[in-house]
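Computed from the coordinates by the stated procedures, all read-outs in this text should not be read as laboratory data. Not measured: the values here are computed from a predicted model. Cβ placement follows ideal geometry from the backbone for every residue including glycine, while neighbour counts extend to all protein chains displayed.
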């Protein structure tokens, strides 16, 4: 239950991180052209400072969530794939007869 919640959070963080990166101003306009005049909303410096801080924060949360997911998945499985293969492919050797058969004698 916890890992599935963290996985949903991971997907949401990825989408938000991609949007935050695409909205930043670059040498080519990118999707920043669709942001309109955000200078009045984000302050005198414009959206660059806000978007840079938001991108760093979201990226940090993404890395922490990734490490947490990796730790939880590694704790949930104690056997490796090779251990599972060995357990399922145990072949029982045929039984060795204890007495040797004797050849029939002719009378």
Margin query: Given R₀ = 35 Å, what would the calculated FRET efficiency be for residue 21 paired with residue 75, taking r from the Cβ atoms and rounding to 0.05?
Written below: 0.65
Check: So between residue 98 and residue 85, what do we pick up on full extension, going 0.36 nm a residue minus the alpha carbon distance?
Finding: 1.5 nm
Item checked: residue 14/residue 56 FRET efficiency (R0 25 Å; Cβ-Cβ; nearest 0.05) -> 0.95
